[in-house]
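The values are calculated or read from the model by the stated rules, or taken from the named source; none is laboratory data. Please read these numbers as outputs of a predicted model, since none were measured by experiment. Neighbour counts run over all protein chains shown; Cβ positions are idealised from the backbone, glycine included.
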Amino acid sequence: MQLDSLFTKRPRTKDVYDINVSAASDPDLLQISDQMGLALALPEMKRIQQYFGERHRNPTDIELQALGQAWSEHCCYKSSKVPLKKYVFNVNEKRIIAREDAGVMDFTDDYYYCVALESHNHPSAIEPYGGAATGIGGIVRDVVCMGAQPIAFVDPLFFGPLNTPQAQLPKGVKHPVYLLKGVVDGIHDYGNRIGIPTVTGQVTFHDGYTGNCLVNVGCLGIMKKKELIHSWATAPGEVYIYVGGKTGRDGIHGVTFASAELTEKSEESSRSAVQVGDPITKEPVIHACLECNRKGLLQGFKDFGGGGLSCVSGELAYSNNLGAEIHLDDVPLKEEGLKPWEIWVSESQERMMLVAKPKHVDEILHICKQWDVPAAKVGTVLKDPIIRVFIHGEKILEMDLEFMTGGPVYDSCQRPYAIPQPVEQDTPVPLPKDLTLILHQLLSSLNIASKDWVIRQYDHEVRGNTVIKPLQGKLGYECHGDAAVIKPLEHSYKGIALTADINPRFMERHPYWGACSGIDEVCRNLVAVGARPDSLLDCLNFGNPEKPERMGELYEACRGLGDTARALNLPFVSGNVSLYNQSTKTAVPPTPELMGVGIVEDVRHCVTSDLKAEDDILYLVGKKTENELGGSEYYALLHHNSGRVPRTDTAQLKTAMTGLLEAIGAGTVAACHDLSEGGLAVCLAEMAIGGDLGATIDVGALGDLRSDLLMFSESNTRWLVETRPEKRQDFEAILHDAQVPFTTIGRTTKGHLTITKSKKRLITAPINALRESWKKTLWDYMG
Amino acid sequence: MKLADIRVGVIRIEGTNCEQESLDAFQRLGTAPEFVHLKQLLGIDCTKEETRNLFDYQCLMIPGGFSAGDYIRAGAIFAARMKSQLARPLREFVEQGYPVLGVCNGFQVLTELGLLPGFDETIRNVPDACLYLNDSSRFECRPTLLKHENSGTCVFTRKIPKDSVRLIPSAHAEGKLLFPQEKQDAYIKRLLENDQIVFRYVDPDGKYAGYPWNPNGSPWNIAGICNPAGTVFGMMPHPERSFYVHQQPTWTRTGLGSEIGDGRAIFESVVDYISKKF
């Protein structure tokens, strides 16, 4: 059948079509989905056909578009619901105050903290600057719409190696140097402009991200308890008020674009799906909305995210079993001539939806006016759970919210999955002759080298509350820290620590233990600054869920996250799923990015990673160092594809955290750094670089492993700790009582780093030379 | 004046974003600061209760940020909006000896307003200088060390001993103080003669140094200047971010001591000046 014959133009209203789905064959249905960019599969199209058949009418284009948005992978998580439900949810959920656009947790008697983590992967791969900037714009709205003042950003980024030859790039793929520069520019231009510090993150390079970089972004907010507001309307008759940026054609089909693989044609076909951010609209929108909320003028509050006006209007009502009536004539527009369906699904940025009692509308509009923020009354809340949309007085959409927003139930349509069966044979690597050279090479490898080129372009201090900064150490010699700490309240020394971690090399080898190791690392980083882990966020970046192997990775990763979090009693307070991170050639390594939030009772007890003084004692604290070099930076450097990825023992982790936190709280720790990429040797080098001091350690007491393995193993649950001689007794007593294993391994010195095994010298190098190796890599590519 | 009667207007427009910590700094000293949107001073979209007059305040502060996005020259739009209606009251405010502080974007605004360097008249029609793109072409967020070189003219630094070095962080993309090229030498000479140079970037040894210690390439390592009267003061680094020692990057090495951060004396100096003068 000729497809065009199924589309009938409405006589009265411009640009609205009725679509004759009742007469459509199965191939026709798929073609309709394809032509309209709905990205819906046949069973979904047939469900639509049935729904409208029962009502003896055909849907309009705006109705189909609304369903395309609401039912996309991005909005209703149809693939990931099952493994998430099975493994990740239900860990200590009673502590979660709210979990809507962002998660809300208790902080003090009077305050909550609020956190969210999201991906902005596909837009960033096509247009890195705009993609990354709008990623920040989106996450900040998620936090604001809970009533919280945003106070920090976290930016985990994943790219292909910067030295990838241009000729090796798949067609249509942009070079990692271009992508990194664009993404960092986008983050600092947007983040700095709205005045929220970017305090931590991760920048990781791996071949698997060459075709599809990952840009995740997290946000922390703080609010008075009475200012918590929910994403739902409370009663019929309440008014929908649209606030913020005007609606345009940018960001049409963003969510459906996010729910398909990237191809060489994505640039051309999906450029319009990338939104345009405007921080200078956003900044006053935050002020205006938070002021309305503080003054108690709001009943409900939600941001425009994926799916635009369609999703936000539906969800605000549906969450409380109410309905909504929206008038498109009143929506502020960027340009003339937008079709009704475009207004309905556009994902233009910087928009918020407020729900208020009619008596408060004038005051809200006045506040918005003072900030020069566009605001308009666009609809009302209905008693019955139905959504209706009008333009020029004509009804062009009417659906049950249960049908539209509730989404298709997929338990019967569960995606097939194949659980990966990791083979971890361990063939020994030949012992390199010059281990000092190896340390230099590790320090200059992309994943370990200094990220100061990135970090210094972010304002990490605006708001004046960043008490532990991302770069730590002697002035002019700073090195990476483990976590950043914010002191959010004027009259309290209580702090919030943030970190973000995942190791894709572990994940690609063993999704289960890789996920467990991710949580272990989050906990290590938080504890290293003196923070007690309080909650976790996950952003699940995976490949195409229609491929059973990719779904299998997702299952195993979720199982690892769930098992570890449950053992530690840490709830997942918020998260996000991003699938189809797959380009023409390859899928990304499974990347369940983790963000960890820790609580510091008194920030004045925090410690940093830089060595503090000569002649201090160095301890290795925690788990035994084992032959776990699968996925290690050391093996990657030697191109040795072998080995077991690190395991984690949650009982040991718990014990070690408790003991070490007590030692830090008692003021017995001068510096602390967790062991991760590059193992003990890199950890020590980083501490020495930041403190501009030397150290001499002996690894003989750590076990019988070969010396290179002892130095470069990435076994979990280990920290390197510096303690002043006068605190030695106290420190050891605390760890002893807490039954935390520790080994005295050496002393801090001046100027040189030396590692021996039973007095045999393995590595020796001046700190200045190590710093040089560590510092220059990114600058060589980006400077 | 009693401290509690000193009203400080922290002026903001869209894109101003260091206002909270700036207000906090004045509040911690016992004065009565408040946020004031420029539209409240211009009488636009305000009720009668919301409208403000410059002379409601004894001190004005323009905080850091990216006012109006800084898409034109940094600070230019803020300055243009302010000058369009407030040039005369602003001149009177300054000529009566009331102090005005501009930090980061605020320094850029004061320069665009023609209040700084303020050589021949209180407020010039056309700016005499601008804050130009850093030599690195990048936004630079890093600790900076400032040597205090003012001999007592600047009312914002009288509590800081001359030649002492302060750790006050910078975070900007446009901080290079630029004069018309043919006038640069003469202007710097005048700044010196008038005792208008307040802070200069130095390295940890106290020496004038290049990047990164001078984060923007400012000539003569200038980080902050005042007008000849010493009552209008602009600086690129952020004293409100080093009010307490725990805000500074090295406290885990040095200890917190008294908790008096390196930037606090700037706020104390001006509050002291106001309380004595008015």
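Quick check on residue A:607: is it buried (at least 23 other Cβ atoms within 10 Å of the Cβ), touching a strand residue (DSSP E or B) at 6+ places or on another chain (Cβ under 7 Å) and closer than 26 Å to residue A:694 by Cα?
It is true that residue A:607 is buried (at least 23 other Cβ atoms within 10 Å of the Cβ), touching a strand residue (DSSP E or B) at 6+ places or on another chain (Cβ under 7 Å) and closer than 26 Å to residue A:694 by Cα.
State which residue pairs qualify: first residue among the polar types (S, T, N, Q) and inside segment A:285-296, second residue surrounded by 24 or more Cβ atoms within 10 Å (Cβ to Cβ) and outside any helix (DSSP H, G or I) in any location, beta carbons under 8 Å apart, and separation of 6 or more residues or different chains.
Pairs that qualify, where the first residue is among the polar types (S, T, N, Q) and the partner is surrounded by 24 or more Cβ atoms within 10 Å (Cβ to Cβ) and outside any helix (DSSP H, G or I), are A:293/A:147; A:293/A:229; A:293/A:301.
Identify, please: which residue in segment B:216-232 is part of a loop (DSSP other than H, G, I, E, B) and under 25 Å from residue B:159 (Cβ atoms) and is, among those, nearest to the other protein chains (Cβ to nearest Cβ)?
Among those residues, the one meeting the criterion is B:218.
Residue by residue through segment A:20-55, note down the ones that are crowded, with 17+ Cβ neighbours inside 10 Å, among the small types (Gly, Ala, Ser) and in a helix (DSSP H, G or I).
Listed by number, the list holds a single entry, A:33.
Please specify each residue of segment A:212-252 satisfying the condition of being small (Gly, Ala, Ser), in contact with a strand residue (DSSP E or B) (Cβ under 8 Å, 6 or more places away or on another chain) and either under 21 Å from residue A:125 (Cβ atoms) or not in a loop (DSSP other than H, G, I, E, B) (or both).
A:218, A:221, A:244
Of the conditions (1) within 17 Å of the chain's Cα centre (by Cα); (2) in a helix (DSSP H, G or I); (3) not small (Gly, Ala, Ser), residue B:192 fails just one. Which one is it?
(1)
Residue check, residue A:276 against (1) hydrophobic (A, V, I, L, M, F, W, C); (2) touching a strand residue (DSSP E or B) at 6+ places or on another chain (Cβ under 8 Å); (3) modelled with pLDDT under 95, all met but one. Which one?
(2)
Residue B:267: in a strand (DSSP E or B), in contact (Cβ under 8 Å) with a residue 60 or more places away in the chain and buried (at least 24 other Cβ atoms within 10 Å of the Cβ), yes or no?
It is false that residue B:267 is in a strand (DSSP E or B), in contact (Cβ under 8 Å) with a residue 60 or more places away in the chain and buried (at least 24 other Cβ atoms within 10 Å of the Cβ).
Being within 14 Å of chain A (Cβ to nearest Cβ), of a type in the set (A, V, I, L, M, F, W, C) and touching a residue at least 40 places away in the same chain (Cβ under 8 Å) is the filter here; which residues of segment B:233-260 pass it?
Selection gives B:236, B:243.
When the residues of segment B:147-182 are filtered to those that are among the charged types (D, E, K, R) and within 14 Å of another protein chain (Cβ to nearest Cβ), which remaining residue is surrounded by the fewest Cβ atoms within 10 Å (Cβ to Cβ)?
B:174
In this structure, does residue A:597 turn out to be in a loop (DSSP other than H, G, I, E, B) and surrounded by 24 or more Cβ atoms within 10 Å (Cβ to Cβ)?
no
Under the condition of being hydrophobic (A, V, I, L, M, F, W, C) and at pLDDT below 95, which residue from segment A:146-170 is surrounded by the fewest Cβ atoms within 10 Å (Cβ to Cβ)?
In this case the residue turns out to be A:167.
Just name the residue that is farthest from residue B:37 (Cα to Cα) out of those in segment A:365-413 that are hydrophobic (A, V, I, L, M, F, W, C), out of contact with any Asp or Glu (no Cβ under 9 Å at 6 or more places or on another chain) and modelled with pLDDT of 95 or more.
This residue is A:375.
Only residues in segment A:596-620 that are within 12 Å of chain B (Cβ to nearest Cβ) count as the first member; pair them with residues that are among the acidic types (Asp, Glu) and outside any loop (DSSP other than H, G, I, E, B), Cβ under 6 angstrom, at least 6 apart or cross-chain, and list the lot.
A:611/A:722
Return the total of residues in segment B:130-146 being buried (at least 21 other Cβ atoms within 10 Å of the Cβ) and more than 14 Å from every other protein chain (Cβ to nearest Cβ).
Selection size over segment B:130-146: 1.
If only one of A:173, A:183 is modelled with pLDDT under 95 and either over 24 Å from residue A:470 (Cα atoms) or in contact with a helix residue (DSSP H, G or I) (Cβ under 9 Å, 6 or more places away or on another chain) (or both), which one is it?
A:173
When you check residue B:272 against the structure, is it within 27 Å of residue B:99 (Cβ to Cβ), away from every other protein chain (no Cβ under 14 Å) and modelled with pLDDT of 95 or more, yes or no?
So residue B:272 fits the description; yes.
Tell me which residues, restricted to segment B:77-119, are of a type in the set (D, E, K, R) and either surrounded by 24 or more Cβ atoms within 10 Å (Cβ to Cβ) or touching an Asp or Glu at 6+ places or on another chain (Cβ under 9 Å) (or both).
Scanning segment B:77-119 gives B:83, B:91, B:112.
Only strands (runs of 3 or more DSSP E) wholly contained in segment B:1-112 count here; list those with 1 or more residues that are under 17 Å from residue B:175 (Cα atoms) and at pLDDT 95 or above.
B:59-62, B:100-103
Report the residue count in segment B:25-67 for those that are surrounded by 20 or more Cβ atoms within 10 Å (Cβ to Cβ) and over 23 Å from residue B:91 (Cα atoms).
Number satisfying all stated conditions: 5.
Spot the failing condition for residue A:179; the list is (1) more than 14 Å from chain B (Cβ to nearest Cβ); (2) crowded, with 22+ Cβ neighbours inside 10 Å; (3) farther than 23 Å from residue A:453 by Cβ, and only one is missed.
For residue A:179, the failing item is (3).
If a residue must be at pLDDT 85 or above and hydroxyl-bearing (Ser, Thr, Tyr), how many such residues does segment A:279-315 contain?
2
Residue A:383: touching a strand residue (DSSP E or B) at 6+ places or on another chain (Cβ under 9 Å), more than 14 Å from chain B (Cβ to nearest Cβ), without any contact (Cβ under 8 Å) to a residue 24 or more places away in the chain and not β-branched (Val, Ile, Thr), yes or no?
no
List pairs: first residue in segment B:96-120 and touching a residue at least 60 places away in the same chain (Cβ under 8 Å), second residue among the hydrophobic types (A, V, I, L, M, F, W, C) and part of a helix (DSSP H, G or I) anywhere in the structure, Cβ distance under 6 angstrom, at least six positions apart or on different chains.
Here the result reads B:99/B:270; B:102/B:109; B:102/B:110; B:116/B:110, each pair linking segment B:96-120 to a residue that is among the hydrophobic types (A, V, I, L, M, F, W, C) and part of a helix (DSSP H, G or I).
Taking the conditions exactly as written (out of contact with any helix residue (DSSP H, G or I) (no Cβ under 9 Å at 6 or more places or on another chain) and closer than 22 Å to residue A:686 by Cα), does residue A:614 satisfy them or not?
yes
Can you find a residue in segment B:191-201 that is surrounded by fewer than 21 Cβ atoms within 10 Å (Cβ to Cβ), out of contact with any Cys (no Cβ under 8 Å at 6 or more places or on another chain), under 20 Å from residue B:114 (Cα atoms) and free of Cβ contacts under 8 Å to residues at least 12 places away in the same chain?
The answer is yes, given that some residue of segment B:191-201 is surrounded by fewer than 21 Cβ atoms within 10 Å (Cβ to Cβ), out of contact with any Cys (no Cβ under 8 Å at 6 or more places or on another chain), under 20 Å from residue B:114 (Cα atoms) and free of Cβ contacts under 8 Å to residues at least 12 places away in the same chain.
Among the residues of segment A:560-576, is any of a type in the set (Ser, Thr, Tyr), assigned to a helix (DSSP H, G or I) and closer than 19 Å to residue A:518 by Cβ?
The answer is yes; a qualifying residue exists.
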